[in-house]
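Okay, structure first, notes after.
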């Protein structure tokens, strides 16, 4: 254990951990696709630069943080190290879809889809940073800030009966190299086998920062990382001196504790709701096509931006900017008590959220933020839920409880776990009233 005299170094190590956490966590998830171990696409081996397609809506079997249950996922572990890639998208006839481009550091750097580019068929050219080679005519260029990145696609599905139509559209999304004669891509560097498990995070961080350099404006954070060997060409973690080892272990421990605290402390609630409208505004340098490169969508203070980035990765990896999809997180009832399935609740949406696409409320447990198993296999409820009942004034009452509210209310029932829970309301293509904050998300009433 680090000695008290090392307290300052431990604090700095914790700061370095939080800076690198999204990078390491992101790449750990990305590499699962070519390895065949992804929880979003279970059992699928998806090579680099190919679309992996989820054919069914996610269920509680998918152990992934805060997944949606409204769309089919389409995922690419992309690598432009051998040259540009052409993304082809079909005409979806106004059906919502979005392709979100996420760099190695979890920055959302571009979007293609219904909001930014429409739903007609099209082609887009993904290039490495600084690419100056040939460009095909008529293709919008998307420059990737890091060699490896994620393309996360979401395609709207209106229930099980809609799956065949959605599958037919999924099959028309493709990714092809501009030069098909290239070699196999490098992918993500493998950590040194001589590094012990308790220092593996730091080894992965060292290799990833070299392979996917941060922007020059991050020099302050790079210098901090250098103090712990994270910019060394050779791994200092194979046979570390005991002081470095102890400082890093304690720094990681403190950082993990701080991340959990910040996950709650940074949340500002109104009537029990915490908005994630600006939770993904940490991209300060790498705003490409489809993003809104404006001050109101950026966290100006870099230290705050990167703490926010780490919390966002912990609570909702690969989340959209608020202008693409707004995430509203429900934590407490109208009396300020945290939600728990030992009670019953009513949520009245009057009027329902104004959206350009659709809205839904999805149920998660509070410990892992996973989907919740229930006897009717309903994991979300929203404006596309068959049989959803509306009041005469257009309002919707959603019943959140562990047991059924009875046949007259079951169409509007969102089952909860028996214990603590945390629902999330998603508004795809949020309307102006959501974006400017004039739409009010009403509080939840505990009924028993």
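Of note:
- Choice from 161, 310, 373 with maximal GNM fluctuation in the chain (Cα, 10 Å cutoff): 161
- The range 310-428: relative contact order in percent, alpha carbon pairs under 8 Å with at least 6 residues between: 40
- Between residue 168 and residue 59, the FRET efficiency from the beta-carbon distance, with R0 = 22 Å, is close to 0.45.
- Computed FRET value (nearest 0.05) for residue 436 with residue 238, which takes r as the C-beta separation and R₀ as 56 Å: 0.55
- Relative contact order of the chain: 18 percent, from C-alpha pairs under 8 Å at least 6 residues apart in sequence.
- Of 149, 101, 221, the one that fluctuates the most in a GNM where the chain has Cα springs shorter than 10 Å: 221
- Using distinct alpha-carbon pairs, which all enter the 1/r mean, Kirkwood radius of the range 222-293 in Å: 16.1
- Look at where the Cα atoms of the range 1-64 and of the range 108-156 average out, and the two centres are 23 Å apart.
- Efficiency of FRET between residue 39 and residue 420 - r from beta-carbon atoms, R0 25 angstrom, step 0.05: 0.70
- Label-point separation in nm, residue 129 to residue 11, each point 7 Å along Cα→Cβ: 3.1
- Label-point separation, residue 294 to residue 404 (7 Å along Cα→Cβ), nm: 4.8
- Exposure proxy ranking, count of Cβ atoms within 10 Å, fewest first, for 37, 93: 93, 37
- Between residue 411 and residue 270, the modelled label-to-label distance comes to 3.2 nm, taking each label 7 Å out from Cα in the direction of the beta carbon.
- Cut-off 19 Å, label 7 Å out along Cα→Cβ of residue 94, residues of the range 343-384 by amide N: 354-359, 383-384
- Whole-number Å³ per residue for the convex hull built on Cα positions in the chain: 156
- Cα-Cα pairs of the range 269-446 separated by more than 20 Å (percent): 54
- Taking 150, 185, 193 as the candidate residues, the one with maximal mean-square fluctuation in a Gaussian network model of the chain, Cα springs under 10 Å, is 193.
- Alpha-carbon centroids, the range 416-438 and the range 249-309: separation in whole Å: 17
- Computed across the range 32-177, the Kirkwood hydrodynamic radius from all distinct Cα-Cα pairs reaches 15.7 Å.
- In percent, rounded to a whole number, the relative contact order of the range 32-177 is 29, using alpha-carbon pairs under 8 Å and six or more apart.
Bear in mind these aren't lab numbers, they're just calculated from the coordinates by the rules spelled out. As the structure is a prediction and not an experimental result, all values here were calculated from the model. Using ideal geometry, Cβ is built from the backbone for each residue, glycine included, and neighbour counts are taken over all protein chains shown.
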